[in-house]
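Chemist: The structure that follows is given in the form of structure tokens.
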Amino acid sequence: MTDFESRVLADLAVLKNQMTVLVGDGNSGRIGSLEERVAQHEQRFQNVRGVAITFGALLTLVQFLIDFLRRR
């Protein structure tokens with residue numbers, strides 16, 4: 001085996017190890033954990049959005065009530 005071949009095989013071994021860490025070997029790798037974190041952030045964003053919409057609707061109703069009581 002030449003020096004070049006041994007170097008290529010060593011580099012491939014390193015690459016294989018890095019791919020195993022990145023993708024996973026049956027368990028969730030780094031990509032899987034990133035996907036989970038993104039899903040959690042999306043869920044939190046939807047929750048905050050719902051709270052903001054509800055707060056805006058309540059604030060609008062309070063404003064209508066104040067305007068109604070002033071005109072009476």
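Chemist: Please find, within region 17-57, the residue that is modelled with the lowest pLDDT out of those that are part of a loop (DSSP other than H, G, I, E, B) and either among the small types (Gly, Ala, Ser) or touching a Lys or Arg at 6+ places or on another chain (Cβ under 8 Å) (or both).
Modeler: Ranking the candidates gives 26 first.
Chemist: Starting from region 1-16, take each residue that is more than 26 Å from residue 29 (Cβ to Cβ) and at pLDDT 95 or above and list its partners that are hydroxyl-bearing (Ser, Thr, Tyr) and part of a helix (DSSP H, G or I), counting only C-beta distances under 9 angstrom and pairs at least six apart or across chains.
Modeler: none
Results for (1) at negative phi; (2) more than 22 Å from the chain's Cα centre (by Cα); (3) exposed (fewer than 10 other Cβ atoms within 10 Å of the Cβ); (4) not charged (D, E, K, R), shown as yes or no for each residue.
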{"position": "3", "(1), (2), (3), (4)": "yes, yes, yes, no"}
{"position": "6", "(1), (2), (3), (4)": "yes, yes, no, yes"}
{"position": "11", "(1), (2), (3), (4)": "yes, yes, no, no"}
{"position": "58", "(1), (2), (3), (4)": "yes, yes, no, yes"}
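Chemist: Being of a type outside the set (A, V, I, L, M) and under 21 Å from residue 33 (Cβ atoms) is the filter here, so list the residues in region 8-22 that pass it.
Modeler: Listed by number, the residues that qualify are 16, 17, 18, 20.
The values are calculated or read from the model by the stated rules, or taken from the named source; none is laboratory data. The structure displayed is predicted, hence computed values, not measured ones. Methodologically, a virtual Cβ is constructed for each residue, glycine included, from the backbone with ideal geometry; neighbour enumeration extends over all protein chains shown.
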